[in-house]
Ligand code: NAD
């Protein structure tokens, strides 16, 4: 069994497997091939990989000889010939391919005979937690969102009583208490802020309160109990009532972190331009939902700008600003997933009865196999 680790596209700083994780696989007799400089931005050098037992090989060699290819993002345009010419037939790719947003590419993959596992499609079950890349990366994004906001905010987060006067604590509003939102709450509380939170899933109320934040309830959210833990789209009536409550909270907020997303859909607009205009000069909004449209109508993905004195930071990949730890936990998720599809001796063993194997596979045997994509 040979597993290859590709270098990610130029915009990415992370790598799918660090040198520290290589030995776990080589002990099983698996050969690990790494594209030169794959780990450079994640503080893992070529000699680090070689010392851990991996071999440095060119991208072409990895694509032609590896049985399993690890790459967080889909291979780039320069690899499309390999897909078109069926050179990758029956190879396994493991990464985060966001297939619900890239259906044309997934069709190309299925036509090329690739077996692709997209870890963002794993069911959100207890057994899947150890391989849940969305959680490990969102945790980092939530933490970094607060630090990014604090860095842009020209005032203190904690309360101070000093001889030079008193400072009131920053008021932080968090929209969406999933993995990123909960970590943002914890981080903002550690910095001494007063935190208010909205979410459509009543199930998170207790978790929010246990972190010391206030949960603002809006009655009548759509039932999401059959959506695998995710949120669902809300009625127009609910959205109007929710916006009215958010308007009350946002007028008092100094920092807003937005994380609200609905899988495969455009992110809901929770903040209007009027609400932003009501915010205090110098306030900051960090929109983690920017890649799927953003939670404000003015968010620009991967851009920071001022709107009426408020800094609006659109960034859905803050995990990439911490490439060391982001790659470490991502790699651990991948190792845990590999345990599912490999025997103890390192041989391939795809058990299609396993809900995690089935639930994360998007293309196999020349077909799109995932129910949600079909
Ligand atoms: P997400 O990134 O899809 O969404 C972020 C949050 O935004 C969610 O809490 C969602 O309810 C909220 N949201 C959506 N629309 C909203 C609106 N109109 N107003 C306010 N909030 C809104 O979420 P996530 O972090 O991926 O977590 C989704 C679910 O998966 C959670 O229930 C989480 O507990 C669960 N989960 C399970 C596992 C597991 O068991 N393997 C791992 C991680 C997360």
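If we scan the stretch 102-120, do we find a residue that is modelled with pLDDT under 95 and at positive phi? Yes, there is a match, as at least one residue in the stretch 102-120 is modelled with pLDDT under 95 and at positive phi.
If you go through the stretch 311-330 and keep only what is surrounded by fewer than 21 Cβ atoms within 10 Å (Cβ to Cβ) and free of Cβ contacts under 8 Å to residues at least 40 places away in the same chain, you end up with nothing. Scan the stretch 84-135 for residues that are loosely packed, with under 14 Cβ neighbours inside 10 Å, within 16 Å of the ligand (Cβ to nearest atom) and free of Cβ contacts under 8 Å to residues at least 40 places away in the same chain and the total you get is 2. Taken over the stretch 201-234, residues that are touching a residue at least 60 places away in the same chain (Cβ under 8 Å) and within 18 Å of residue 142 (Cβ to Cβ) amount to 2.
Among strands (runs of 3 or more DSSP E) entirely within the stretch 277-374, having at least 3 residues that are more than 24 Å from residue 67 (Cβ to Cβ) singles out 284-287, 303-307, 310-314. The condition of being assigned by TED's automatic domain parsing to the domain that holds residue 188 and under 15 Å from the mean Cα position of the chain (by Cα) holds for only one of 145, 149, that being 145. In the stretch 216-250, what residues are in contact with a helix residue (DSSP H, G or I) (Cβ under 9 Å, 6 or more places away or on another chain), within 11 Å of the ligand (Cβ to nearest atom) and under 23 Å from residue 284 (Cα atoms)? Once the filter is applied, which keeps residues that are in contact with a helix residue (DSSP H, G or I) (Cβ under 9 Å, 6 or more places away or on another chain), within 11 Å of the ligand (Cβ to nearest atom) and under 23 Å from residue 284 (Cα atoms), the stretch 216-250 yields 216, 243, 246.
Out of the strands (runs of 3 or more DSSP E) lying entirely within the stretch 163-204, which hold 1 or more residues that are within 16 Å of the ligand (Cβ to nearest atom)? Result: 171-175, 194-198. All conditions in (1) touching a strand residue (DSSP E or B) at 6+ places or on another chain (Cβ under 8 Å); (2) over 16 Å from residue 145 (Cα atoms) hold for residue 283, with the sole exception of (2).
The values are calculated or read from the model by the stated rules, or taken from the named source; none is laboratory data. From a predicted model like this one, the values you see are computed outputs, not experimental measurements. Here the Cβ is made from the backbone with ideal geometry for all residues, glycine too, and neighbour counts use every protein chain on show.
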